[in-house]
There are 2 protein chains.
Amino acid sequence: MIDRDELAAWLRLVATPGIGRGAARRLLAEFGSPEGVLEASTAARRPLVGDAAAALAKEPPGHAALLAATLAWLDGRPAGESGGRDVLVLGDPRYPASLLDTADPPTLLYVEGRIELLGAAAIAIVGSRNPTAQGLENARAFASHLSRAGLVVVSGLALGIDGAAHEGALEGQAAGATGGTIAVVGTGLDLVYPARHRALAHRIASAGLLVSEFPIGTASRPENFPIRNRIIAGLARGTLVVEAAMRSGSLITARLALEAGREVFAIPGSIHSPQARGCNALLKQGAKLVDSATDILEEFSLARPTPAARSGAPEPAGAGLADPLLEALGFDPMGLDALVARTGMSAADLSARLLDLELAGRVARLPGQLFQRVERG
Amino acid sequence: MIDRDELAAWLRLVATPGIGRGAARRLLAEFGSPEGVLEASTAARRPLVGDAAAALAKEPPGHAALLAATLAWLDGRPAGESGGRDVLVLGDPRYPASLLDTADPPTLLYVEGRIELLGAAAIAIVGSRNPTAQGLENARAFASHLSRAGLVVVSGLALGIDGAAHEGALEGQAAGATGGTIAVVGTGLDLVYPARHRALAHRIASAGLLVSEFPIGTASRPENFPIRNRIIAGLARGTLVVEAAMRSGSLITARLALEAGREVFAIPGSIHSPQARGCNALLKQGAKLVDSATDILEEFSLARPTPAARSGAPEPAGAGLADPLLEALGFDPMGLDALVARTGMSAADLSARLLDLELAGRVARLPGQLFQRVERG
């Protein structure tokens with residue numbers, strides 16, 4: 001676990017006004033350690049960081065309180081063999097090599113849980129906070145199979161696709177001995193955002209790993225999420241976008257993955273589904289189309305020729321027993337009027353049957369009185 | 001219109017046992033015309049076609065009957081300025097240049113209708129004989145917009161996607177002055193297969209063009225359909241596959257298009273839809289993903305910046321008229337209290353408006369009384 005004095009020096013370095021990540025790296029490269037940076041003269045630091053050199057001569061505002069809060073957080077679940085809380089610094093041998101191999105690695109990484117997951121081969125699975133029911137199911141199924149196959153699933157703990165990816169990875173991990181999940185969050189690790197994912201975050205802190213580069217006490221701020229996304233992309237060999245609208249954070253993560261020289265995968269979807277637009281746009285730009293988890297394992301040369309490793313596009317259970325309503329519904333969102341016209345059923349009968357199918361998990365009800373068929377992988 | 005004696009010589013050439021399309025082309029290159037081929041000595045022909053040289057010395061079986069049937073077919077609707085029936089031979093100036101630019105152009109092309117369509121820029125639209133309702137609608141919409149933009153839509157008159165493509169192209173043509181459709185069939189032009197498309201074939205014979213390389217009287221044979229597919233691909237600058245199962249004829253057409261150096265486009269779909277598997281597989285192999293007709297027009301440098309040319313993924317009605325509530329909502333989940341503060345509306349008014357927007361599919365209601373904007377377009 002990180003030493004108290006060392007932590008104090010790192011916190012001073014990263015919290016000093018005018019010292020960004022790039023400046024911190026230049027200083028560390030020159031002076032070897034944050035203690036070395038702080039002991040150096042302002043004149044020696046100035047060529048590297050300009051006027052910010054002087055600011056390093058004094059404690060940044062709130063330093064003592066931040067140090068105390070960070071130590072209290074660390075004490076809440078001490079690091080140990082079975083996991084716990086810790087702060088990884090640039091140069092720590094446990095700092096993930098995958099992140100070092102990016103243009104802008106975080107200076108500090110706050111972690112809680114199974115730190116060894118940082119060394120495993122990983123896939124990022126991200127997507128919309130407002131997905132379709134099928135999108136959620138796809139995220140869960142792909143994550144479960146990839147985790148079972150030994151990959152660590154990295155995501156952002158957001159509502160929607162992110163949450164389903166973490167859940168699926170925990171399922172896959174429970175079934176086997178390998179795999180797991182890493183949640184990279186955009187707040188301090190003492191806070192959980194969104195609140196709805198508090199229980200999930202606790203499970204990940206035990207069975208997986210929580211990661212943040214933001215200081216203890218950092219609340220949720222929209223501008224921090226794209227910054228967080230580069231860690232998601234940077235920790236993984238590739239990023240899978242499950243569903244995404246245009247102009248969404250998931251597309252930022254995909255761009256960051258490309259910039260870090262990693263693969264981008266996307267699940268295609270109907271050209272009429274808003275939640276598929278972002279994925280289809282990525283595919284136009286050269287992302288790899290995947291229709292099963294095996295596609296990703298093959299790309300990483302991890303494929304095992306077992307049917308169990310296939311997901312995403314299974315033959316439907318009881319495919320021979322076609323439900324005429326499901327046949328009429330197809331895989332695109334459809335309104336009630338269109339279904340009345342297509343099936344010849346009355347609106348009342350149709351509504352009753354749709355409710356049955358919805359309760360059975362075969363049909364999802366979308367905003368705008370649209371219905372869509374759901375296949376389970 | 002083709003001369004009777006010339007036609008007789010061409011029919012003898014192509015019907016002679018042992019003389020395939022390649023042999024016919026070698027003979028024509030050497031002797032200049034089918035009459036020249038027939039007048040040459042067997043010894044002169046032998047170096048080009050081996051033992052089949054002798055067979056050319058006598059009339060092939062059924063020659064007189066085939067000539068009579070072909071002439072009767074031609075007489076049924078004589079060629080003229082407003083269209084009609086004709087036989088185009090290799091070397092005819094009206095023979096389509098796009099087909100000459102393929103590895104294996106047909107020796108004869110039987111045509112009925114607007115022969116000038118052979119000279120227009122064309123797109124092939126093909127797909128499953130057993131499509132989804134959305135697939136049919138996509139085929140119709142893309143064909144209509146591409147025809148309206150001036151492209152000729154080539155397809156195979158099959159049930160399903162092919163028929164919808166022809167119908168859409170005829171619609172688009174009716175709306176404008178350009179565009180049109182060509183149906184390439186796998187039977188003699190005196191027969192219509194499938195019978196269900198008899199009325200459509202008649203409309204195409206008038207408003208578009210029917211094409212076949214098979215002699216009059218040739219019935220539907222499964223082995224002729226892949227042969228026919230190379231003409232569909234060869235007539236067009238590119239082939240769009242709308243929906244296709246794995247191992248389907250549409251994928252053969254796509255392969256033939258690639259072999260002829262043409263573009264292959266595919267519409268993506270749900271990984272759970274059997275009818276999308278073929279398209280998704282093509283996209284994995286490098287086909288260009290399209291989600292609107294504009295994508296194809298842009299590829300051909302034919303795009304016109306008119307909203308009418310967009311299909312498949314229409315902009316939502318009134319997308320330009322920003323709703324102040326939607327603006328206030330942004331794309332992150334937001335509670336009612338925050339919205340009250342941000343909009344100055346009463347909670348009651350806000351609830352009513354949110355319900356409207358939810359029913360219109362513009363807003364999603366999340367657990368915890370949070371609302372989120374749904375991005376369409």
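Given a cut-off of 13 Å, what percent of all Cα-Cα pairs of segment A:337-377 lie beyond it? More than 13 Å apart: 54 percent of the Cα pairs in segment A:337-377.
Value of Rg to Rh for chain B, rounded to two decimals, is 1.15; Kirkwood radius and Rg both from alpha-carbon coordinates. Put A:Met246, B:Met334, A:Met1 in order of accessible area, highest first, and with a 1.4 Å probe you get A:Met1, A:Met246, B:Met334. Taking other residues whose beta carbon is less than 13 angstrom from the beta carbon of A:Ala8, and scoring Lys, Arg as +1 and Asp, Glu as -1, yields -3. For the segment A:328-341, counting C-beta atoms of other chains within 10 Å of every residue's C-beta and taking the mean gives 3. Helix content alone sets the calculated 222 nm mean residue ellipticity of chain B: runs of n ≥ 4 DSSP H residues at -39500 (n - 2.57) each, divided across all residues, give -12500 deg cm²/dmol.
Computed from the C-beta positions of B:Ala79 and A:Asp356, the FRET efficiency with R₀ = 60 Å rounds to 0.50. Inter-chain Cβ neighbour count for A:130-138, averaged per residue, equals 2 (cutoff 10 Å, partner chain atoms only). Across peptide A:192-201, the average count of Cβ atoms from other chains found within 10 Å of a residue's Cβ is 1. When A:Ala97 is represented by a point 7 angstrom out along its Cα-to-C-beta vector, the spacings to that point in the other copies are 5.8 nm, nearest first.
A Gaussian network model of chain B, with springs between Cα atoms under 10 Å, assigns the largest mean-square fluctuation among B:Gly160, B:Gly127, B:Gly76 to B:Gly76.
For segment A:36-100 versus segment B:98-167, the inter-centroid distance based on Cα atoms is 66 Å.
A Förster radius of 41 Å, combined with the Cβ-Cβ distance separating B:Arg4 from B:Ala303, puts the computed FRET efficiency at roughly 0.30. So what does B:Trp10 come to for accessible area, using a 1.4 Å probe and Å² rounded to 10? B:Trp10 exposes around 10 Å² with every protein chain in place. Using the Cβ of A:Gly36 as centre and a radius below 14 Å, the other residues enclosed give a net charge of -1, where K and R count +1 and D and E count -1. By a 1.4 Å probe calculation restricted to protein chains, B:Thr42 has an accessible surface near 40 Å², given to the nearest 10.
For segment B:131-267, the normalised intensity computed at q = 0.11, 0.14 Å⁻¹ comes to -0.34, -0.57 (log10 of I(q)/I(0), Debye sum over alpha carbons, equal scatterers, no solvent). Computed across segment B:68-144, the Kirkwood hydrodynamic radius from all distinct Cα-Cα pairs reaches 15.0 Å. Whole-percent P(r), the protein assembly as shown, all Cα pairs, 20 Å bins from 0: 15, 37, 28, 15, 5, 0. For B:Lys284, the lysines whose Cα falls under 28 Å of its own Cα, not counting residues fewer than eight places away in the same chain, are A:Lys284, A:Lys288. Counting charges near A:Gly330 (Lys, Arg +1; Asp, Glu -1) among other residues having Cβ under 10 Å from its Cβ returns a value of 0. As a length-normalised measure over Cα pairs under 8 Å and 6 or more apart, the relative contact order of chain B settles at 12 percent. For chain B, which longest stretch is free of loop sites, where a loop site is one of the GluC sites (Glu not before Pro) that DSSP puts outside H, G, I, E and B and that has at most 12 other Cβ atoms within 10 Å? By the stated rule (loop sites, at most 12 other Cβ atoms within 10 Å), B:224-377. Here segment B:48-89 is treated as a Stokes sphere of Kirkwood radius computed over C-alpha pairs; at 37 °C and 0.692 mPa s its diffusion coefficient rounds to 259 µm²/s. Equivalent ellipsoid of segment B:35-185: semi-axes from √(5λ) of the C-alpha gyration tensor, largest first, are 37, 17, 15 Å. Using a Debye calculation, one point per C-alpha and no hydration shell, please list log10 I(q)/I(0) for segment A:126-196 at q = 0.21, 0.25 Å⁻¹ in order. Debye intensities relative to I(0), on a log10 scale: -0.80, -1.00.
Among B:60-68, A:182-190, A:232-240, B:278-286, the peptide with the highest mean count of other Cβ atoms within 10 Å heads the list, and the full ranking is A:232-240, A:182-190, B:278-286, B:60-68.
The values are calculated or read from the model by the stated rules, or taken from the named source; none is laboratory data. Just so you know, these numbers come straight off a predicted model, no measurement behind them. Here Cβ is always computed from backbone atoms with ideal geometry, including for glycine, and neighbour counts include all displayed protein chains. For the accessible areas, the whole protein counts, side chains as well, though only heavy atoms, and no ligand, DNA or RNA atoms are used. Shrake-Rupley method; radii C 1.70, N 1.55, O 1.52, S 1.80 Å.
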